[in-house]
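Working notes, beginning with the structure itself.
The values are calculated or read from the model by the stated rules, or taken from the named source; none is laboratory data. Everything numeric in this text was worked out from a predicted model, so none of it was measured. Quick reminder, even Gly has a Cβ in these numbers, built from the backbone with ideal geometry, and neighbours come from all protein chains shown.
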């Protein structure tokens, strides 16, 4: 009885929620159209250029055996640092390059191919999903704050905090014994690449065609999530549900945060972009804006949670470790942003007007595409280069100890 009651309740809630959403779409058709258009605009300007080229690239690199090459080469770094196989370095680099939900897609792919264990997949999932560099620098720093130079501070806060989450989660799981492996030469990594190519066996034309089809399907799916949650959250606002929740929280946390800030953070718990808007609009104090933005981008929002759950649904990966990682990431991002802001010598009060709606900045769409692609490319190169540099430094230190 204890098992059937929750199932029956869940089965009855699903159609009820869908019916309420459908009713709202009939009652507020103009509001639904506006919010859906905003979601499509966000997807077109920031998500599509950040994801599609790198989804295709990731499929090509995996088909060419690059992941196996990197796995053998970076095993001595990834295993002691994150308690993950070397192949996870590719997922980390692509996750930091393209933003949500690239890390989840690639983690699920490795798990389906039995390249990683369940615990390794859940560990990897916790710290490989971030806002994209294009979103942080373009939409937030330049568009909402009107201060492009703050993009570096926000990006460092979010990305360094997520790396700390990865290090903390190395202790997650039952098998915590670090498997020591000898330092593997470049030749062995190259043999692993050739072996992976031979095992795959697909010609390049087939790999390329499948990469494009799978990537386009995935990116369109992400766009569907964004539009759906844009509409759903607009409905919650029109029905004053978020306002009621914010007022209830204000009774408890009113001594620490004003009602406007609570409302913004509540929006951020549900959807990252709306939360970022609300944080900037709620206060003209730059410290409060930076802290709120770092917290919201570290959390990600339930809309991102739905994407992660959707892309990992066909695996045995559990979502609960990911949610715990987001909680830790949010507070670490907040703390790092305030620490960095103390040394940045930036005026406390924002000099730019507070935007009233989503404003990606003065750049045109082609410029946004190029800027986003440029930032993501350098993020990928920088991440892989950093891993290789750490590996070389580790080998030099180990050699000197001998």
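Please verify whether region 87-100 includes one or more residues that are assigned to a loop (DSSP other than H, G, I, E, B), crowded, with 24+ Cβ neighbours inside 10 Å and at pLDDT 85 or above. Taking every residue of region 87-100 in turn, at least one turns out to be assigned to a loop (DSSP other than H, G, I, E, B), crowded, with 24+ Cβ neighbours inside 10 Å and at pLDDT 85 or above.
Listed by first and then second residue, the pairs linking a residue in region 297-312 that is without any contact (Cβ under 8 Å) to a residue 12 or more places away in the chain and at positive phi to a residue that is in a helix (DSSP H, G or I) and surrounded by 23 or more Cβ atoms within 10 Å (Cβ to Cβ), with Cβ atoms under 6 Å apart and 6 or more places separating them unless they lie on different chains, form an empty list. Set side by side, the residues 107, 128 differ, and just one is assigned to a helix (DSSP H, G or I), surrounded by 24 or more Cβ atoms within 10 Å (Cβ to Cβ) and within 15 Å of the chain's Cα centre (by Cα), which is 107. Every listed requirement among (1) modelled with pLDDT of 85 or more; (2) more than 14 Å from residue 315 (Cβ to Cβ); (3) touching a helix residue (DSSP H, G or I) at 6+ places or on another chain (Cβ under 6 Å) is met by residue 107 save one, (2).
The residues of region 281-293 that are surrounded by fewer than 24 Cβ atoms within 10 Å (Cβ to Cβ), touching a residue at least 40 places away in the same chain (Cβ under 8 Å) and part of a helix (DSSP H, G or I), listed by number, are 281, 286, 287, 291.
Residues that are surrounded by fewer than 22 Cβ atoms within 10 Å (Cβ to Cβ), closer than 20 Å to residue 377 by Cβ and in contact with a helix residue (DSSP H, G or I) (Cβ under 7 Å, 6 or more places away or on another chain) within region 138-154 comprise 148, 151, listed in sequence order.
Candidates are the residues of region 163-187 that are surrounded by 15 or more Cβ atoms within 10 Å (Cβ to Cβ) and within 17 Å of residue 86 (Cα to Cα); the one that is modelled with the lowest pLDDT is 184. Residue 296: touching a helix residue (DSSP H, G or I) at 6+ places or on another chain (Cβ under 8 Å), modelled with pLDDT of 90 or more and loosely packed, with under 14 Cβ neighbours inside 10 Å, yes or no? The answer is no for residue 296.
Residues in region 133-151 include none that are outside any helix (DSSP H, G or I) and either at pLDDT 90 or above or within 12 Å of the chain's Cα centre (by Cα) (or both). Taking region 192-273 as the region of interest, the helices (runs of 4 or more DSSP H) fully inside it that hold 1 or more residues being at pLDDT 80 or above, over 27 Å from residue 288 (Cα atoms) and under 19 Å from the mean Cα position of the chain (by Cα) are 204-238.
Here residue 315 passes the criteria (1) at pLDDT 85 or above; (2) in a helix (DSSP H, G or I) except the one numbered (2).
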